[in-house]
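Structure record follows, encoded as structure tokens.
The values are calculated or read from the model by the stated rules, or taken from the named source; none is laboratory data. The structure presented is a predicted model; accordingly, all values stated were derived computationally and were not measured. Note: ideal-geometry Cβ built from the backbone for every residue, glycine included; neighbour counts use all protein chains shown. Note: accessible area is taken over every heavy atom of the protein model, side chains too, but ligands, DNA and RNA are not part of it. Shrake-Rupley method; radii C 1.70, N 1.55, O 1.52, S 1.80 Å.
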Amino acid sequence: MPKITKEEAAARRTEIIDACEALYQSESYRDITMTQVGQKVSFGRANVYNYFQNKDEILLALLQREYELWVEDLSALGEVAASLDGVGLADELAKSVQARTQMLKILAMNLYDIEQNSRLESLIEFKLVYKHAVEALKAVVRAGKPAWDECRIDRFVYGFMPFMHGAYPYAFHSDKQCAAMEAAGVDQPDLSIYSLVRDLAEKLLQDDGGHETINE
């Protein structure tokens, strides 16, 4: 294979991720194939394997990109968090998460399989970005709640982060799911990612200095 520049290699990698993202908009995780991804890129299909071993690694890279974008938003929010009250901070956090619907979909649907089927080096690269997201979220809370100690900040973060893994299915339903809930008599309120995240964040940001930590 002719040598290409680092810039060209990075552009190809981005093109592969974009192709997989486009497929993920209309195909289920299990139906996406490397052949489909290869058909959407502008270079030889076989070259896709020079960048990713399988579709799981491509989706992991997509999730990593989503986290990187969220870190950018959190970093910007951290610069103004000190000027916001709890309601305003919850509102901005909700907006930042609402913009990352693709991230929430992967977290809710396929994260375990994707991580299990990816090479260790790919997973480590992703976990480093995840670490940056946790640190950026802590920095936001630290700026918005300067009286909180690190244990209280951790309580917020580890109430907020796991919640994001389950938010997507409450805001988005397939026609089949809607039909099943109607037949089962399930009353499903009209929820959005924004309202779900805002309400949780507002609750978690309430001061409760008398609460004891439970990690002893």
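Annotations for the structure displayed:
- When peptides 78-86, 92-100, 5-13, 181-189 are sorted by average Cβ neighbour count within 10 Å, with the highest value leading, the order is 92-100, 78-86, 5-13, 181-189.
- Rg over Rh [alpha-carbon atoms, Kirkwood Rh] for segment 1-72: 0.97
- Distance (nanometres) between label positions extended 7 Å along Cα→Cβ at Asp154 and Arg13: 3.3 nm
- Probe 1.4 Å, all protein chains present, accessible-area order of Ile32, Ile4, largest first: Ile4, Ile32
- Note, ³J(HN,Hα) from phi for segment 163-180, Karplus 6.51, -1.76, 1.60, rounded to Hz, x at Gly and Pro: 4, 5, 5, x, 6, 4, x, 7, 9, 10, 10, 6, 4, 5, 5, 4, 5, 5
- Helices in the chain, meaning DSSP H runs of at least 4 residues, each add -39500 (n - 2.57). Divided by all residues, the mean residue ellipticity at 222 nm is -22500 deg cm²/dmol.
- Chymotrypsin sites (Phe, Trp or Tyr not before Pro) within segment 123-191, DSSP loop, no more than 15 other Cβ atoms inside 10 Å: Phe172
- Size of the chain from its Cα atoms: along the principal axes, largest to smallest, the extents are 63, 50, 34 Å.
- Cα centroid of segment 34-80 to Cα centroid of segment 86-121, whole Å: 14 Å
- Listed pairs Lys176/Lys203; Lys127/Lys203; Lys105/Lys176; Lys138/Lys203; Lys95/Lys203 exceeding 21 Å between Cα atoms: Lys176/Lys203; Lys127/Lys203
- Rg to Rh quotient for segment 128-179, alpha carbon positions, Kirkwood Rh: 1.19
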